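The values are calculated or read from the model by the stated rules, or taken from the named source; none is laboratory data. Quick caveat, the model's predicted, so the values are computed rather than measured. Neighbour counts are summed over all protein chains in view; Cβ atoms, including those assigned to glycine, are modelled from backbone coordinates with ideal geometry. In case anyone asks, the SASA skips ligands and DNA or RNA and just uses the protein heavy atoms, side chains included. Shrake-Rupley method; radii C 1.70, N 1.55, O 1.52, S 1.80 Å.
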Amino acid sequence: RTIDTSNGYSDSRSEPVLGAAVAAAGGLPADALIITKTDASGRDYSGDRARASVRESLERLQLDHLPLVHLHDPEQFAWDEIAQPGGAVDALVALREQGVVGSIGVAGGDVRVIRRYVELGVFDALLVHNRLTLVDHSADALVQDAVDRGMSVFNAAIFGAGILAAPRSGITSYGYRPANEAVLAAVAALADLADEYGTDLATVALQTSLRDARITSTVVGL
């Protein structure tokens, strides 16, 4: 009942499709949750752009309140640009204080950069992708730090963008990049091990995240 999207997904078509579904349902069901993320359109991650992104999401999703908005992929921009006074981080904090959004999070892949944002102490949630999976544990310490701070944790891309869901399909990339030989060998060995136990690697990858008590929600991409 939780849907993960972003202002910029599918060339900004994702939110309007979801908004149309919300309208067709006569409003978002009480037990459903839509979580979205900011979009730095035109390589602009200023405070003004963060506020505009949230306004666009509200309009597209046909909602009057966003329960959680993530600062999306800040590692692709300069720290000083986003974290400066009046920048995107400050804008999201202000939107939370104003009640426009319920909570704010930070979502990204570069563990070292995302840690800096977590350490600001202003975010309610953390989303990591491709870094807490069967073959990549690089976000483990960051996730534990977030939990210790009382943050919610979302674990995304648990299939490494496909290879852990279909290990024998010919996919040779992991996390949107060519996989090295060690990763490919580990995936093959894990797939064989899953066979021995009468299951499949996709199930193992999913259950590994679902059974981690630190994870609030596991984001499964389709």
Karplus (6.51, -1.76, 1.60) ³J(HN,Hα), θ = phi - 60°, over segment 172-186, in Hz, Gly and Pro reported as x: 10, 10, 9, x, 6, 9, x, 7, 7, 4, 5, 5, 4, 5, 5
Heavy atoms of residue 132: accessible area, 1.4 Å probe, square angstrom to 10: 20
Solvent exposure ordering (accessible area, 1.4 Å, most first) of 119, 81, 196: 196, 119, 81
Residues residue 32 and residue 137, FRET efficiency given R0 of 45 Å [Cβ-Cβ distance, rounded to 0.05]: 0.90
Considering only the chain, percent of DSSP beta bridges that pair antiparallel, nearest 5: 10
Net dipole in debye of segment 1-74 [+1 Lys, Arg Cβ; -1 Asp, Glu Cβ; about Cα centre; nearest 20]: 20
Interchain or long-range residues, amide H under 5 Å from residue 68's placed H: 36, 102, 103
Most positive-pole-ward Cα, 30, 122, 207, against dipole of the chain from beta carbon charges: 30
Interchain or long-range residues, amide H under 5 Å from residue 127's placed H: 106, 107, 108, 154
Under the Karplus curve 6.51 cos²θ - 1.76 cosθ + 1.60, θ = phi - 60°, whole-Hz ³J(HN,Hα) for segment 77-83, x wherever Gly or Pro sits: 9, 5, 3, 4, 5, 8, 8
Full-stretch length increase - residue 3, residue 24 - with 0.36 nm per residue and alpha-carbon distance subtracted: 5.9 nm
Tilt relative to the chain, helix 201-210 - C-alpha long axis, 0 to 90 degrees, to 10: 50
Loop-resident sites, segment 131-222, for chymotrypsin sites (Phe, Trp or Tyr not before Pro), counting at most 15 other Cβ within 10 Å (DSSP): 176, 197
Estimated FRET transfer efficiency (residue 173, residue 120; beta-carbon r; R0 35 Å; 0.05): 0.60
Average accessible area per residue (Å²) across the chain - probe 1.4 Å, nucleic acids and ligands excluded: 49
Debye, to nearest 20: dipole size of the chain, +1 on Lys, Arg Cβ, -1 on Asp, Glu Cβ: 180
Using a Förster distance of 41 Å, the FRET efficiency for residue 93-residue 185 (Cβ separation, nearest 0.05): 0.40
